[in-house]
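Visitor: Encoded as structure tokens, here's the structure I'll be asking about.
The values are calculated or read from the model by the stated rules, or taken from the named source; none is laboratory data. What you see is a predicted model, and the numbers here were worked out from it, not measured in a lab. In this analysis, Cβ positions are derived from the backbone assuming ideal geometry, glycine residues included, and neighbour counts consider all displayed protein chains. Just so you know, the surface numbers come from the protein's heavy atoms only, side chains and all, with ligands and any DNA or RNA stripped out. Shrake-Rupley method; radii C 1.70, N 1.55, O 1.52, S 1.80 Å.
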Amino acid sequence: MIEVRNLVKKYGDYTAIDGINFKVRKGEIFGFLGPNGAGKTTTINILAGLSLPSSGVAIIARQDVTKHPIGCKKRLGIATQDANFDHHLNIKDNLFYQGLLYGISRKELKKRVDAALRWSKLEKYSKKRFHQLSGGMQRRLVVARAMLSDPEIILLDEPTTGLDPQSRRQVWKYIKDLKEKKKTVLLTTHYIEEADILCDRISIIDHGRLIACGTPDELKRILDNDIVIDISLNPEVVSEHIEMDLNNISGVNHVTIRNNGIRIGVGNEAVIEQVLSSIIKKKNRINGINIIHPTLEDVFLHLTGREMR
């Protein structure tokens, strides 16, 4: 549904997007995960026809966005970071008049506006102005507006930025509902948990370049050699002999002796059973085991660095 090939966007000497390539499949939620200033919104703006690429190709439903901008926009619904609602109108009138821009008949549009308010659970707030809604309500309304034309593809540009955890999870529920409605979603975010929970596949972007792409589980396997086993043992049985035995197991990367146990880094899950068997055979009493797998946050920091932007 979306294909980007060798896309570049420059502003003078500054390169905001540096030759990126990706595809978004029909019916999936595709995540664009990256730090602030990584190039996420610039990519969205090009796909939406709000900005022209310096070079490369962006395709929406088999149409080049630069050659067929109107045709592409008809396939899109867009939820931008900036809401841009008319502050003189209540939210129902806002939806209605913005829906007229799509050329939808007034009779049909009335049905769609009512459906959008029901979907976003905002019917009883229909006479409110946008600024009178809570942050979570505002973001739900922005997504509802993007669906007015019943588009095949939804672009969501950081839809939960600035929301409290409760409101964020409410918006997540509505984004998951888009997938159930068979919509194709491109979601930009810098919230790692959000990408992990919502997205079928994720591209990590940094400094305008795509540096990894895959399902959340595939990305986590980048750091599979960092699986950590924390084993709690009685202090009197923790010895250098245990450390030596464990280091002799193929696939054990490091062993750290602590006062009340051992921390072992292994290369893959198959090694875990060997590690535990080695300790149990010595008749050591295990008080507790904690297996720590790499998280998407670990991968993100590994690939993009830990410094603040």
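Visitor: Would you please name the residue that is farthest from Phe22 (Cα to Cα), looking only at residues in region 163-209 that are part of a helix (DSSP H, G or I) and more than 16 Å from the chain's Cα centre (by Cα)?
Guide: In this case the residue turns out to be Gln166.
Visitor: Now, a different point. Name every residue in region 179-192 that is over 13 Å from Ala79 (Cα atoms) and either buried (at least 19 other Cβ atoms within 10 Å of the Cβ) or free of Cβ contacts under 8 Å to residues at least 24 places away in the same chain (or both), in order of residue number.
Guide: Those that are over 13 Å from Ala79 (Cα atoms) and either buried (at least 19 other Cβ atoms within 10 Å of the Cβ) or free of Cβ contacts under 8 Å to residues at least 24 places away in the same chain (or both): Glu180, Lys181, Lys183, Thr184, Ile192.
Visitor: Related question: Could you please give the count of residues in region 146-155 that are open to solvent by less than 30 Å² (accessible area, probe 1.4 Å) and in contact with a helix residue (DSSP H, G or I) (Cβ under 7 Å, 6 or more places away or on another chain)?
Guide: First, pick out the residues of region 146-155 that are open to solvent by less than 30 Å² (accessible area, probe 1.4 Å): 146, 148-149, 151, 153-155.
This time we only want the ones that are in contact with a helix residue (DSSP H, G or I) (Cβ under 7 Å, 6 or more places away or on another chain), so: 148, 154-155.
Residues meeting the conditions: 3.
Visitor: Is region 66-78 home to any residue that is of a type in the set (Lys, Arg), open to solvent by 50 Å² or more (accessible area, probe 1.4 Å) and outside any helix (DSSP H, G or I)? So that I can check it myself, show each step before the final result.
Guide: First, pick out the residues of region 66-78 that are of a type in the set (Lys, Arg): 67, 73-75.
Next, only the ones that are open to solvent by 50 Å² or more (accessible area, probe 1.4 Å) stay: 67, 73-75.
Going one step further and asking which of them are outside any helix (DSSP H, G or I), we end up with 67, 75.
Looking through region 66-78, at least one residue is of a type in the set (Lys, Arg), open to solvent by 50 Å² or more (accessible area, probe 1.4 Å) and outside any helix (DSSP H, G or I).
Visitor: Applying the selection to region 15-38, what residues are more than 15 Å from Ile60 (Cβ to Cβ), open to solvent by 10 Å² or more (accessible area, probe 1.4 Å) and not charged (D, E, K, R)?
Guide: Residues satisfying the conditions are Thr15, Gly19, Asn21, Gly27, Pro35, Asn36, Gly37.
Visitor: Please go through region 98-133 and pick out each residue that is in a loop (DSSP other than H, G, I, E, B), aliphatic (A, V, I, L, M) and either within 24 Å of Lys73 (Cβ to Cβ) or outside the structural domain of Lys179 (by TED's automatic domain parsing) (or both).
Guide: Selection gives Leu101, Ile104.
Visitor: Let me ask something else. Return only the number of the condition from (1) at pLDDT 80 or above; (2) under 15 Å from Arg221 (Cα atoms) that Glu269 does not satisfy.
Guide: Single failed check for Glu269: (1).
Visitor: Given the options Asp245, Asp230, Asp217, name the one that is part of a strand (DSSP E or B) and out of contact with any Leu (no Cβ under 9 Å at 6 or more places or on another chain). Show your work before the answer.
Guide: Details: Asp245 fails: part of a strand (DSSP E or B); Asp217 fails: part of a strand (DSSP E or B).
That would be Asp230, the only listed residue that is part of a strand (DSSP E or B) and out of contact with any Leu (no Cβ under 9 Å at 6 or more places or on another chain).
Visitor: For region 48-62, indicate whether the set of residues that are more than 22 Å from the chain's Cα centre (by Cα), of a type in the set (Lys, Arg) and either modelled with pLDDT under 95 or closer than 26 Å to Glu180 by Cβ (or both) is non-empty.
Guide: Yes, the conditions are met somewhere in region 48-62.
Visitor: Can you tell me how many residues within region 284-305 are open to solvent by 40 Å² or more (accessible area, probe 1.4 Å) and under 20 Å from Asp217 (Cα atoms)?
Guide: 10
Visitor: Please enumerate the residues belonging to region 261-297 that are without any contact (Cβ under 8 Å) to a residue 60 or more places away in the chain, among the charged types (D, E, K, R) and either farther than 17 Å from Leu233 by Cβ or assigned by TED's automatic domain parsing to the domain that holds Ile202 (or both).
Guide: If the condition is that a residue be without any contact (Cβ under 8 Å) to a residue 60 or more places away in the chain, among the charged types (D, E, K, R) and either farther than 17 Å from Leu233 by Cβ or assigned by TED's automatic domain parsing to the domain that holds Ile202 (or both), then Glu269, Glu273 are the ones that fit.
Visitor: Considering only residues that are assigned to a strand (DSSP E or B) and free of Cβ contacts under 8 Å to residues at least 40 places away in the same chain, look in region 1-48 and name the one that is nearest to Arg209 (Cα to Cα).
Guide: Tyr14
Visitor: Pull out all pairs, ordered by first then second residue, where Cβ-Cβ is under 7 Å, the residues are six or more apart or on different chains, the first lies in region 74-99 and is of a type outside the set (S, T, N, Q), and the second is in a strand (DSSP E or B) and surrounded by fewer than 17 Cβ atoms within 10 Å (Cβ to Cβ).
Guide: Hits for this filter: His87/Arg129.
Visitor: Which residue, of Val185, Val143, is hydrophobic (A, V, I, L, M, F, W, C), under 26 Å from Thr304 (Cβ atoms) and touching a helix residue (DSSP H, G or I) at 6+ places or on another chain (Cβ under 9 Å)?
Guide: Only one candidate passes the filter, namely Val185.
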